[in-house]
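What follows is a set of notes on a single structure, which appears directly below.
The values are calculated or read from the model by the stated rules, or taken from the named source; none is laboratory data. Since we're looking at a predicted model, the values are computed, not measured. A quick note on method: Cβ atoms are made from the backbone with ideal geometry, for glycine too, and the neighbour counts reach across all protein chains shown.
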Amino acid sequence: MLSWLKNLLGMSRDDEPALREFEITVVRGVAVIRIPEAPTAEEAKRAADEVVARGLEKRRLWDFSGIPFPYSNQEVRALAEYGASIVRVPNRVAILVDDDIGYGSGRVFGAFREDGNLSQTRVFQDREEALSWLTEEI
């Protein structure tokens, strides 16, 4: 592919889409994942891989505050199944959103993500409530 076209499309040298940077911080033992703007499903998967690589998969807060929840129902299901395939320890996932659409989409994710006692998912509109739930005993 022509280099100017690759730049226009945001492609890297390996013909992979360029992924935006994400931020993972640890707050009270919780991995807080934040991707500026609306992350693609591939960016979310990359962030999940990084969380697992760092050994932070037991308690995760995906912070979508300030951005619209960016995924279709098909992408929500695919992300939930991907998360279940890479995290095989008891864990909690909190999804932080600002609006009702994000709240509903987060609940759909939780329905696909729940795995008996292995994984628990909840959606929040308040960061402190999410952190409190995540720091409770699993």
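Just a few scattered comments:
- Total residues in the range 30-53, condition in a loop (DSSP other than H, G, I, E, B) and either at pLDDT 95 or above or buried (at least 17 other Cβ atoms within 10 Å of the Cβ) (or both): 2
- Enumeration of residues in the range 128-138 that are touching a strand residue (DSSP E or B) at 6+ places or on another chain (Cβ under 7 Å) and outside any loop (DSSP other than H, G, I, E, B): Ala130, Leu131, Trp133, Leu134
- Residues within the range 52-90 that are within 20 Å of Thr25 (Cα to Cα) and small (Gly, Ala, Ser), tallied: 5
- Any hit, the range 120-127, residues being surrounded by fewer than 21 Cβ atoms within 10 Å (Cβ to Cβ), assigned to a helix (DSSP H, G or I) and either of a type in the set (A, V, I, L, M) or in contact with an Asp or Glu (Cβ under 6 Å, 6 or more places away or on another chain) (or both): no
- Counting only residues that are modelled with pLDDT of 95 or more and touching a helix residue (DSSP H, G or I) at 6+ places or on another chain (Cβ under 7 Å), the range 110-138 holds 5 of them.
- Residues of the range 79-109 that turn out to be in a helix (DSSP H, G or I) and buried (at least 19 other Cβ atoms within 10 Å of the Cβ), as a count: 7
- Matching option when the condition is of a type outside the set (Val, Ile, Thr) and more than 13 Å from the chain's Cα centre (by Cα), among Phe109, Phe69, Phe124, Phe64: Phe124
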